[in-house]
Every structure is written in structure tokens, then in C-alpha cells.
Amino acid sequence: GNFIPPIKSNGGTGGSMTSRNSSKGDDALDESTKKCLEMLCGPDGELPEKLRNLEPRLLEHVSNEIMDRDPNVRWDDIAGLEHAKKCVTEMVIWPLLRPDIFKGCRSPGRGLLLFGPPGTGKTMIGKAIAGEAKATFFYISASSLTSKWIGEGEKLVRALFGVACCRQPAVIFVDEIDSLLSQRKSEGEHESSRRLKTQFLIEMEGFDSGNEQILLIGATNRPQELDEAARRRLTKRLYIPLPSSEARAWIIRNLLEKDGLFKLTDDDTSTICKLTEGYSGSDMKNLVKDASMGPLREALRQGIEITKLRKEDMRPVTLQDFENALREVRPSVSPNELHTYENWNKQFGSLA
Ligand code: ADP
């Protein structure tokens, strides 16, 4: 709802969309933009050099929509993926916490790629990294840069990296990074998306060579579409696979327990795990949601009115509810797709 169309007003009816090139001395800025700029000012009360030539409304968009001050995900919220967690801790969290130790030979890469099927916890890992490293988290979907910000993507990218620079340590999470850094489509590639990509690579180059405490995490379901330049810059490449049977059991228990609905036996849980081979973490979440509707649907079928239904009268969620839900919620990833990830992991992955 807070999206600001990337259209410059000609001074007429445009309201807050007025185009401004400088933040200095502009009384026309509205209150929220002013407040946001104040928060970006250094201890001297001045806007940092890097941000001075950027448009206030883009800085405001980055601060309000892309920056997440409290990502609120911890390692313990993520099921399984033990190996990935261990590697990420060593490769990126420790260096963000102790930049004094991780320099010279130990200096870390500044780019991390998380690839694998959709809904396996890549975004969660990004948020957890920011949480554990006490870093500011920035989330942007690369496809929005090309769809929502037509013609303005480059400026937004500059604003994003500029604000991240002032909010170090920072983690910039770029979802669907393939749509930004895909292999050049020879003639087909639009001039604007080529410029956007170049700008992005320039920004990455900038903080890679400096002493900045910024980590870029790219996430993709289509790693094979990344070009060589992108692969080179994303030095660590971690495969985030579908959850194991244990991880699926953990997700079921964790979600139901949160609502006090977990009453399944170990045998029931292991039956559900057998039946959910190939389900992603987000498929599991949808399955649990659907199954937990079982007791409610049954009560309503028995003629109890929804307004009269007492929570304590509802029966617990059973194996049968899961079996019913399995007919509705199908796995979203096909076995064929998995081969693509595994092959790419063998060829380019860091842990293969
Ligand atoms: P991705 O970024 O890989 O597409 P997300 O991290 O956005 O996937 O996960 C989507 C949702 O699926 C999460 O909000 C969470 O509820 C669930 N989920 C996915 N993977 C896991 C996991 N490993 N542990 C716990 N929940 C998960």
C-alpha cells in the first residue's frame, strides 16, 4: 500500500511524488520523508556524503519498505539445514561480528548465494544471519526492480547500497537474483535491464574492495540462469535442499505446538513424514494449516454454529486430518527440478 509509483510529477497534482535531486534546503519535503532523512543523518546532523545526491523519496522507500530493523528469525526457528547453518556461521556471521579477526588471509567473501527449490528457508536464513550478526536487514525482490521500478531501478539500487553503507553491519538480501544477474540475452536484453545489472555489479564491486561490513545474499530457484560474472562475485554458493524427514517432523511439531494443538504420537508423525517425501518447508506449513482446519470442519459438519463453537470442545488434530490435507496440498517441486539443483551444486556449489 505504500508503494510510490516511479513517476515524476510536473509540480501539479503529484503530491509527494515530486522529483528532487537534492535533500538540502527543500521545504517541500513532506513530514515522513523529513523524518526518514533525519534518521539517516550522522551524529553531526548532516546526511552522509554518499546519500546527498540521492532522491529523498527513494531513500525513504529503502528505509521504510526495504530495511527491516527487526527480522525476528533465529537459527532455532529453522528446521534442519545443519550443515548450511554451520557454514554460514563460520563464513559470514563470525566475520560480521569480528571484522578485526577476519581480515587479510581470513577476509571473507562479501557475496553469498543460496540456491534451491522455492520454500526451503532461504529467506529465513537471510533473516537469521542478520539477527545473529546484529546486522540491519535489507530485503528486495530483484523482479520488483525490473517490474515496479521501471527505469528507476538503477537509482533505487544506489539508494539501497547507500543506506546499507550507513547502517553497517548490513545484510542485503536479493530474492530472485537470477532475474537481475541472468546470462546476457544477447540482442533480446533490454538496455535498461543491462544498465541495472551493470549498476548492481558496480555497487557490489565497491563494497567488496573496501572495508565495509556489508554482506550481499542472493537467493534463487534458478541458479543455472546466473551468468559467470554473477557467480564470480557470489563466492560462496550454498545449496538449500528440501527438508529431510526429521526436519519435516520438526516443522509439524513446532507449528502445532505453538497453538497448543500437538497431540500426535511418534508413529503418526513418522507416517506423515513418510507421506510427505518431496514436500518443501513451505508446503509443510500449508499442509499443517490445512490439517489444523480438520477439527473445525468436523464440528461445523456436526451442525455446531461457528459463533457458538468453544475452543476447548474441539478435538485435537489427528493423522486422519493430515491424510485429508495431503489430498489438497501437493508438493510444489518436481523430482526433475531437483536434479537440476543437484547437478548445479556438483558443478558450482561450495559444499558439494
Ligand atoms: P525461500 O526463501 O527458500 O523461498 P522461505 O524462507 O521464504 O523460502 O520459507 C517460506 C516459509 O516456509 C517460511 O516462512 C516457513 O514458514 C516455511 N519454511 C521453509 N523452510 C523452512 C525450514 N527449513 N524450517 C522452518 N520453516 C520453513
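Bear in mind that the values in this text are calculations on the coordinates, not laboratory data. Keep in mind the model is a prediction, meaning the values are calculated, not measured. Please note: Cβ atoms are built from the backbone with ideal geometry, for glycine as well, and neighbour counts cover all protein chains shown.
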- Query: D for segment 134-206, whole µm²/s, Stokes-Einstein with Kirkwood Rh over alpha-carbon pairs at 20 °C and 1.002 mPa s: what number?
  - Reply: 169
- Query: Cα to Cα, under 26 Å, and not fewer than 8 places away if on the same chain: which lysines meet these conditions relative to K148?
  - Reply: K8, K34, K35, K50, K122, K127, K185, K197
- Message: On C-alpha positions alone, give me the angle between the axis of helix 153-166 and the longest principal axis of the chain, in degrees, nearest 10.
- Response: 90
- Query: Expressed as a rounded percentage, what relative contact order does segment 222-335 have, with Cα pairs under 8 Å and six or more residues apart?
  - Reply: 33
- Query: According to the square roots a ≥ b ≥ c of the eigenvalues of the Cα gyration tensor, what is the shape class of segment 255-352, taking rounded for a/c under 1.5, prolate for a/b larger than b/c otherwise, and oblate for the remainder?
  - Reply: prolate
- Message: Testing the spin-label approximation: label points 7 Å from Cα along Cα→Cβ at T271 and M314. State their distance in nm.
- Response: 2.2
- Item | Estimated vicinal HN-Hα couplings, Hz - segment 113-127 in sequence order (Karplus 6.51, -1.76, 1.60; Gly, Pro = x) | 10, 10, 10, x, x, x, x, 10, x, 5, 5, 4, 4, x, 5
- Using helices alone, what [θ] at 222 nm do you get for the chain, with -39,500 (n - 2.57) per DSSP H run of 4 or more residues, divided over all residues and rounded to the nearest 500? -12500 deg cm²/dmol
- Task: Provide L114, L97 in ascending order of the number of other Cβ atoms located within 10 Å of each residue's Cβ, fewest first.
- Result: L97, L114
- Message: Test of the criteria: in segment 303-348, which GluC sites (Glu not before Pro) are in a DSSP loop and have at most 11 other Cβ atoms within 10 angstrom of their Cβ?
- Response: E305
- Message: Using Cα springs under 10 Å in a Gaussian network model of the chain, which residue among R195, R310, R69 shows the largest mean-square fluctuation?
- Response: R310
- Quick one: compute a quarter of the convex hull surface over the Cα atoms of the chain and quote it in nm². 23.0
- Summing +1 for each Lys or Arg and -1 for each Asp or Glu, what net charge is found among the other residues whose Cβ lies under 12 Å from the Cβ of A170? +2
- Going by a ≥ b ≥ c, the root eigenvalues of the Cα gyration tensor, does segment 104-144 fall in the rounded group (a/c under 1.5), the prolate group (a/b larger than b/c) or the oblate group? prolate
- Note on the structure: Scoring segment 276-352 by relative contact order with C-alpha pairs under 8 Å, at least six apart, yields a percentage of 45
- Scoring only Lys, Arg, Asp and Glu (+1, +1, -1, -1) among other residues with Cβ under 14 Å from the Cβ of E90 yields +3
- When only Cα pairs under 8 Å and 6 or more residues apart are kept, what is the percent relative contact order across the chain? 18
- Task: For the chain, set up a Gaussian network in which alpha carbons nearer than 10 Å are linked by springs, and say which option among L261, L309, L180 fluctuates the most.
- Result: L309
- Just F137, F161, F102 to compare: in a GNM of the chain, with alpha carbon springs under 10 Å, which one fluctuates most? F102
